[in-house]
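Notes follow once the structure below has been shown.
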Amino acid sequence: MDSTRKLIRNFIFCFCFLCLFCVNKQIAKAQDTTWQNEYSVTDQDYDDTNHYLYIRRYTGNDSVVSVPSKAIKENVEYTTVIYFNVFENNENITKVTFASGCKAASMNNLFQGCTNLTSVTFNDLDTSLVGRNVTETVGSGNFRGTFFGCENLKTLDLSFIDATHATSMQAMLNGCTSLESVNLSGINTSNIKEMGSMFWGCDSLKSVDLSSFDTSNCEEMKYMFNRCSSLEKITFGQNFRAQKVKDFTAMFSGCTSLASVNLSTFDTSNATSFCNMFYSCHSLTSFDFSPLNTAKVNNMSGMFYDCTSLATVTIGNVDTANVTNVENMFRKCNSLKTLDLSNFNAANITNASYIFYETPNLTTIDSPKNLYTQIVFYANYKYYLDDNKDGAPDSDTTYTEMMASGTSHRYIGMTEDQAKESLPTSVSQSITLVHKKIKIAKGDQILISYKTDAKNVSWETSNKKIATVTQSGLLKGKAKGKCTITVTTDGGAKATCEVTVQSNPIKLKSVKASKKKLTLKRGKKYNCYTDFAIRPYNSSIKDISYRSSNKSIAKIAKHSSVIIPKKKGECEIIITVKDKLGTMRTCKLKVIVK
């Protein structure tokens, strides 16, 4: 019996010793100096309230790194929490494994600059703390620049991410040039505000599925897919609406393999810029504006610049009343042969430079309506009017630029031989200039008035250094002196006027409304620019402003002469004209809204 008791006592002693040994070993491992040396752990990194240990920086030299999930300090267990740029610019690392149970409070720039990183095993890394203020010293984090510049990563499964509280994924995968596949399914993006540059430079990515993305709070998507040169397919889901995004600048720029993109889920009612949106999308063959709300868009410059395969653009009933900049919009669209811009409202366009530059095959163009800025043709053709739309020139008058006009006109480009076969026989015509002599101050410009039975006319000056004239008859004084302006009809009739350019401004005397009243329908915009007369006609005008006596009945569109009828009633539009000498004159237009 004594021997049995002794045996049992020894067994219990050995068992207890073994347990104590294991516990001490675990504690020793958790408090190993290697851990502190590799992860720069300090006492301030221990959160005694939540029992978290914040890992802020890896300083080791290993190429294969394991991130533990637990640490023990003074017999208290802490959960490790990744915070901010732990591995940033570490070019030694090739593989990282997170132990199961590890958390993250911020993944901002976590692997930025890890150029040799090829594999990350997350083991369901808990990211529910990202975007939350954990403590007073640990602020809210995000997913900004998480994998920025990880040029050797080929695959990523990010479906584990809990982004419920996060607000940014900006540049998250920027510069992942070898990335071939990424799983983003199931991520809650409903609070994400920034997605700009998210996939910038993912050269090897052929498809991306964003069908689970909710962009209801996203405000920024600039350069989102910029330079994704292999990207062939993007899948947007019903909740990818982007309704708060204002600037879509270069969103798909450089996606040279993207043949089509479905934007039917997009709500662009707050968009203001489509600048360079599809720049260098070499494989894009067609684009339809119909699904897009462009009511607030003011910038379409470079939108299709260098889309060398673009053959069809459908404008539809798109609202472009606020667009001011279309510079380079169709530049280098080599496959574009016909373009119908007849529904494109150009009333507020101020910059159309190079819109058709390096677009060599464009032979049929319907000009925008309300066009009052210069749009030049650049192809090696002679352009003629074809308002009959029968494929033949209406006259032998050629155009190097579109006429200023409230209505659309069709222009056709032809070689000289093609034109000879198609040109009509000229008919007798007449043209008379309202003013045979015109005085104009240096720097001023006025529209020359004329009467003719011809359909089309062309203009030229005898001395461009003294005064210039556009093909719409807009005269501009350049330097003191005299020159002759000649206008020629498409049938060959001519008229001339003598222009004298003087140095001193010409004083404004009066402004008078040319209509007693305007009757407008609610919601139907009206441009009142021609409904008042300035005396003398050649006054040196510095500024013309418009305001409404009652904006609730009718208001003036910003920086324009366009009246927007709001509700039934009467009000006045006060027009104020100021000349370069400081003289001010006003007149009033009575407006009745029905």
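Select, from Asn226, Asn276, the only residue that is assigned by TED's automatic domain parsing to the domain that holds Ile315, within 18 Å of the chain's Cα centre (by Cα) and crowded, with 16+ Cβ neighbours inside 10 Å. Spell out the reasoning first.
Values: Asn226 fails: assigned by TED's automatic domain parsing to the domain that holds Ile315.
Result of the check over Asn226, Asn276: Asn276.
If I filter region 154-168 down to residues being among the β-branched types (Val, Ile, Thr) and in a loop (DSSP other than H, G, I, E, B), which single residue comes out as surrounded by the fewest Cβ atoms within 10 Å (Cβ to Cβ)? If we take residues in region 154-168 being among the β-branched types (Val, Ile, Thr) and in a loop (DSSP other than H, G, I, E, B), then Thr164 is surrounded by the fewest Cβ atoms within 10 Å (Cβ to Cβ). Scoring Val499 on the criteria (1) at pLDDT 95 or above; (2) part of a loop (DSSP other than H, G, I, E, B); (3) among the hydrophobic types (A, V, I, L, M, F, W, C) leaves a single failure, condition (2). Just to be sure, is Val81 within 19 Å of Phe143 (Cβ to Cβ), assigned to a strand (DSSP E or B) and either of a type in the set (Ser, Thr, Tyr) or in contact with a Lys or Arg (Cβ under 9 Å, 6 or more places away or on another chain) (or both)? Yes.
Table: residues versus (1) aliphatic (A, V, I, L, M); (2) over 26 Å from Thr468 (Cβ atoms); (3) at pLDDT 95 or above.
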| position | (1), (2), (3) |
| --- | --- |
| Glu327 | no, no, yes |
| Lys332 | no, yes, yes |
| Ile355 | yes, no, yes |
| Asp366 | no, yes, yes |
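Inclusion of Ser458 among residues that are of a type in the set (Gly, Ala, Ser), outside the structural domain of Asn370 (by TED's automatic domain parsing) and either within 26 Å of Pro536 (Cα to Cα) or surrounded by 14 or more Cβ atoms within 10 Å (Cβ to Cβ) (or both) is warranted. For the criterion of being touching a residue at least 40 places away in the same chain (Cβ under 8 Å), of a type outside the set (Gly, Ala, Ser), more than 23 Å from Ile355 (Cβ to Cβ) and surrounded by fewer than 18 Cβ atoms within 10 Å (Cβ to Cβ), Thr400 fails. Taking region 413-465 as the range and being of a type in the set (Lys, Arg) and within 43 Å of the chain's Cα centre (by Cα) as the test, the residues that pass are Lys442, Lys455, Lys464, Lys465.
Candidates Asn133, Asn116: the one that is free of Cβ contacts under 8 Å to residues at least 12 places away in the same chain and either closer than 22 Å to Asp214 by Cβ or out of contact with any helix residue (DSSP H, G or I) (no Cβ under 9 Å at 6 or more places or on another chain) (or both) is Asn133. In region 547-557, is there at least one residue being within 16 Å of Ser514 (Cβ to Cβ) and buried (at least 18 other Cβ atoms within 10 Å of the Cβ)? No, that holds for no residue.
Remark: Ser395 matches the filter, which requires a residue to be of a type in the set (Ser, Thr, Tyr), outside any strand (DSSP E or B) and modelled with pLDDT under 90.
Just one of the listed residues (Ser503, Ser510, Ser458) is of a type in the set (Ser, Thr, Tyr) and under 18 Å from Ala404 (Cα atoms), namely Ser458.
Residues that are more than 43 Å from the chain's Cα centre (by Cα) and surrounded by 15 or more Cβ atoms within 10 Å (Cβ to Cβ): does region 87-99 have at least one?
Initial filter on region 87-99 (more than 43 Å from the chain's Cα centre (by Cα)): none.
No, that holds for no residue.
Each row is one residue, and each column tells you yes or no for (1) outside any strand (DSSP E or B); (2) surrounded by fewer than 20 Cβ atoms within 10 Å (Cβ to Cβ); (3) of a type in the set (A, V, I, L, M, F, W, C); (4) out of contact with any Lys or Arg (no Cβ under 6 Å at 6 or more places or on another chain).
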| position | (1), (2), (3), (4) |
| --- | --- |
| Gln418 | yes, yes, no, yes |
| Lys451 | no, yes, no, yes |
| Lys482 | no, yes, no, yes |
| Ala495 | no, yes, yes, yes |
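Every condition in (1) in the same structural domain as Ala379 (by TED's automatic domain parsing); (2) at pLDDT 90 or above; (3) out of contact with any Ser or Thr (no Cβ under 7 Å at 6 or more places or on another chain) holds for Ser408 except the one numbered (3).
Pro505 fulfils the conditions (1) within 17 Å of Val593 (Cα to Cα); (2) surrounded by 12 or more Cβ atoms within 10 Å (Cβ to Cβ) except for a single criterion, (1).
The values are calculated or read from the model by the stated rules, or taken from the named source; none is laboratory data. Please read all numbers here as calculations on a predicted model, not as lab measurements. A quick note on method: Cβ atoms are made from the backbone with ideal geometry, for glycine too, and the neighbour counts reach across all protein chains shown.
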